[in-house]
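Only one structure is covered here, and it is reproduced in the block below.
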Amino acid sequence: MPTSPPSSTVPPLAPRLSSAWRDFLADRELPAALVGGLGSPLNLVMPDQLVRNAEAFAAVHRWLRLRGALYFAHKANRSTALVRRIAATGFGVDVASVGELQHALGAGVPGARIMATGPKGEDFLWLSGAVGAVVNADSVDELERLGTLIRRHRLPPVRVMIRLSGFAPVGVAVLSRPSRFGVPVDQLDGALESLDRYRRELVLHGLAFHLDTTGLEEKALAVEGCLLAMAQCQARGHAPAAIDIGGGFGVAYLDQPEQWHSYARALNDSVLGRRTPITWAGYGYGLKAERGAVRGTLGVYPSHRDKAGPAYLEALLEHHGPRLRRPLSTVLLESLVELHVEPGRALLDQVGLTLVSVREVRDGPDGSLLVGLDANRHDVSAEEHGVLVDPLLLPAGGVRTGQPVSAYLLGNLCLENDLITRRAVHLPAPPRPGDLLAFANTGGYFMDFAATDALMQHRAATVAVRAAGSGWRWCLDADYWPTEGEEQ
Ligand SMILES: Cc1ncc(COP(=O)(O)O)c(C=O)c1O
């Protein structure tokens, strides 16, 4: 057990946590019993929350009187329960591989409610065409291969969207980054020529983009770019109905935004050597000290977002396009264009949580603790996605008194760099072997996107949970069906 008390602790970054998860974690027995039975790490999902989130997105469409569809970006989570739950609603699924497509079909999502995105091989193209999914084409080559395949196999016509990129900036204020995906907007004619060659096989359903950015201006530029390009399609005899603005609506991970600012100050001081270090081996998340000043850019996710999820979508649609200078929602409404969205991370807000058991606790550098976990950095990959937030401590046996500590979380791979976080996290009291750590809001990308079988370590099971009366019901992910909890 550690001997020396910490000299100075890292400022906290408390996670935002729904009341449902708070209630679940307050259960004295269930979290520990589940990890005891199914092992650490253990992923938990609440399928009903996914539907509540989807409905909140749909409410934005209703509020702005827009028509269109929502596709859950499956890539953000592998859970079968979540896809089955979505199948039982009118919402769609965005699949980015033939495996995800088969998974969605097997979960009961009709082909017509599926959008196939990402790079595609012939298997993915064929199955998408065969089941009547919309194919969101990434390149002219993909359109050509799809057209050839549909013709050769005499399949019914397929609805396609053309993914665009490289929207020309207006003035100097709006950034537009290059992308490896999509047809450059100034080469749209080439894609339309391809559609002309396959008039029977391919029907233009609309134009699309997905931008991996939080920047509202950049997205507004792309929405407007698609709207303007619709006219180009119409002039060539096509009748596109929709634009698909992809995902990227974001999640607010922190409970108290002001903690972010204190943390950022402490990180600056740590980089400059003006306080007890708060990161492993002087890691600076993109910042470094140069002649007494901090240089570089903090390369992390803005965990304290003011507007995220449906609120971000609403803000984007109320934003004025840089050329037309009117709210995007008004332009969409007047042009009778449908708006498709493909949220992943934002739809999974407060849907998932990961429990991990503490294996060992030792003294670490600068008064911190080294906490060895039964999980590795691929099992809880928030850090890889730039999200900095503390885990919650669930002491074995309930209560733990003591002073807050700074702790480095060590993974179970015998690799020097297997740290769950390269920064010390804040814990309210010293953990002990047998305690659990709960990592909040891991549903979107952090629980299984990067999980591997490295070293043949236990890979997390996933469990679906739901509130039932004053308690909880749970089942293995694969055993969940949307009829769960319905009266016979
Ligand atoms: C085409 C496409 N749509 C939707 C998404 C989902 O993005 P997010 O999870 O940020 O909402 C992605 C993510 O990579 C994507 O590539």
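The values are calculated or read from the model by the stated rules, or taken from the named source; none is laboratory data. Since the structure is predicted, the reported quantities are computational estimates derived from the model, not experimental observations. All Cβ positions, glycine included, derive from the backbone under ideal geometry; neighbour counts span all protein chains shown. To get the accessible areas, we keep the full protein, side chains included, count just its heavy atoms, and leave off ligands, DNA and RNA. Shrake-Rupley method; radii C 1.70, N 1.55, O 1.52, S 1.80 Å.
Averaged per residue, what accessible surface does the chain expose to a 1.4 Å probe, in Å²?
It amounts to 42 Å² per residue over the chain.
Got a sec? What order do Ser8, Ser18 fall in by accessible area at 1.4 Å, biggest, i.e. largest, first? Mind dumping the intermediate values first?
Working: Ser8 45, Ser18 25 Å².
Largest to smallest exposure gives the sequence Ser8, Ser18.
Let me know the shape class of the chain, please: from the alpha-carbon gyration tensor, a ≥ b ≥ c as square roots of the eigenvalues, rounded when a/c is under 1.5, otherwise prolate if a/b is greater than b/c, or oblate.
Working: a/c = 2.15, a/b = 1.57, b/c = 1.38.
Since a/c reaches 1.5 and a/b is larger than b/c, the shape of the chain is classed as prolate.
Within region 340-417, list the GluC sites (Glu not before Pro) lying in a DSSP loop whose Cβ has at most 12 other Cβ atoms in a 10 Å radius. Before the final figure, lay out each step's value.
On the way: sites: Glu360, Glu383, Glu384, Glu416; in loops: Glu416.
Those that pass, being in a loop and sparsely packed, are Glu416.
Once R0 is set to 35 Å, what does the formula 1/(1 + (r/R0)^6) return for the Cβ-Cβ distance between Glu360 and Trp481, expressed as a FRET efficiency to the nearest 0.05?
0.30
So who's got an amide H within less than 5 Å of the one on Ser165, skipping anything under 5 residues away but keeping other chains? H placed 1.01 Å off N, in plane.
Those lying under 5 Å, H to H, from Ser165 are Val183, Val185.
What accessible surface, in Å², does a 1.4 Å probe find on His426, ignoring ligands, DNA and RNA and rounding to the nearest 10?
Surface accessible to solvent at His426 totals approximately 40 Å².
May I ask you to rank Glu258, Glu142 by accessible area, largest first, using a 1.4 Å probe over the protein chains only?
So, going from the largest accessible area down, we get Glu258, Glu142.
When the accessible area of the chain is computed with all protein chains present and a 1.4 Å probe, what percentage of it is carbon and sulfur?
52
Keeping all protein chains in position, work out how much accessible area His205 exposes to a 1.4 Å probe, and write it in Å² to the nearest 10.
Taking all protein chains as shown, His205 has close to 30 Å².
Extension gain Ala468-Arg52, at 0.36 nm per residue separation less the Cα-Cα distance, in nm?
148.1 nm
With +1 on each Lys and Arg Cβ and -1 on each Asp and Glu Cβ, and nothing else charged, work out how big the dipole of region 257-296 is about its Cα centre, in Debye to the nearest 20. The partial results should precede the final answer.
Working: 6 positive and 3 negative charges, 32 e Å.
With Lys and Arg at +1 and Asp and Glu at -1, about 160 debye.
What accessible area, in Å² to the nearest ten, does a 1.4 Å probe give for Asp363?
Surface accessible to solvent at Asp363 totals approximately 60 Å².
Working with all protein chains in place, sort Cys226, Cys414 by solvent-accessible area computed with a 1.4 Å probe, largest first.
Working: Cys226 0, Cys414 115 Å².
Per-residue accessible area, sorted high to low, gives Cys414, Cys226.
Tell me the net charge near Pro12. Cut-off is 14 Å between Cβ atoms, Pro12 excluded, with +1 for each Lys or Arg and -1 for each Asp or Glu.
With Lys, Arg at +1 and Asp, Glu at -1, the net is 0.
Taking the Cα centre of the chain as origin, sum charge times position over the Cβ atoms of Lys and Arg (+1) and Asp and Glu (-1), and report the length of that vector in debye to the nearest 20.
Approximately 620 debye in magnitude.
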